[in-house]
């Protein structure tokens, strides 16, 4: 293999790695496990479900300072914010540090309008459960079929 082919292959590899990095980033920021506002893996992770009357969000949020936890609901948006407390350990003493800490905010668009005055939230064993009643105009209605 000549030096020219080697350099050409290295240039192609660099281009491919750059493309891979671009595909794995959002707005130029690298994807990280916890980077508020730009993370590919949003925190808190949520399950969203609904029935005829309510939309229910279950957010996995262990280790939160509950006094910092805040839930805000509008007709079509839900925002959860809070802060995960930091553990003060000298960086030289860490063997591994995978637990994220700091402030976060996550806003999601809801699939249908809700009644924000009747939203209820509870935090138990690291799970934040939010029950949001659907707005009256968003609830399904039974339509009577007339026979000729």
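The values are calculated or read from the model by the stated rules, or taken from the named source; none is laboratory data. Owing to the predicted nature of the structure, the values given are computational and were not obtained by experimental measurement. Note that each Cβ is placed from the backbone with ideal geometry, even for glycine, and that neighbours are counted across all protein chains shown.
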- Condition met for residue 109 (out of contact with any helix residue (DSSP H, G or I) (no Cβ under 7 Å at 6 or more places or on another chain) and exposed (fewer than 11 other Cβ atoms within 10 Å of the Cβ)): yes
- Considering each residue of the range 67-98, count those that are closer than 30 Å to residue 117 by Cβ and exposed (fewer than 10 other Cβ atoms within 10 Å of the Cβ), and give that number. 1
- Query: Any idea which of 67, 83 is free of Cβ contacts under 8 Å to residues at least 40 places away in the same chain, part of a strand (DSSP E or B) and farther than 22 Å from residue 132 by Cβ?
  - Reply: 83
- Quick check: anything in the range 21-44 under 14 Å from the mean Cα position of the chain (by Cα), surrounded by 11 or more Cβ atoms within 10 Å (Cβ to Cβ) and at pLDDT 85 or above? yes
- Message: Let me spell it out: the conditions are (1) surrounded by fewer than 13 Cβ atoms within 10 Å (Cβ to Cβ); (2) under 16 Å from the mean Cα position of the chain (by Cα); (3) part of a loop (DSSP other than H, G, I, E, B), and residue 103 meets all of them except one. Which number is the exception?
- Response: (3)
- Query: Of everything in the range 112-143 that's within 18 Å of residue 45 (Cβ to Cβ) and out of contact with any strand residue (DSSP E or B) (no Cβ under 8 Å at 6 or more places or on another chain), which residue is surrounded by the most Cβ atoms within 10 Å (Cβ to Cβ)?
  - Reply: 124
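Here's the yes/no breakdown for (1) at pLDDT below 85; (2) outside the structural domain of residue 58 (by TED's automatic domain parsing); (3) farther than 17 Å from residue 48 by Cβ:
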residue: 73; (1), (2), (3): no, no, no
residue: 77; (1), (2), (3): no, no, no
residue: 82; (1), (2), (3): no, no, yes
residue: 93; (1), (2), (3): yes, yes, yes
residue: 105; (1), (2), (3): no, no, yes
residue: 108; (1), (2), (3): no, no, no
residue: 116; (1), (2), (3): no, no, no
residue: 130; (1), (2), (3): no, no, no
residue: 146; (1), (2), (3): no, yes, yes
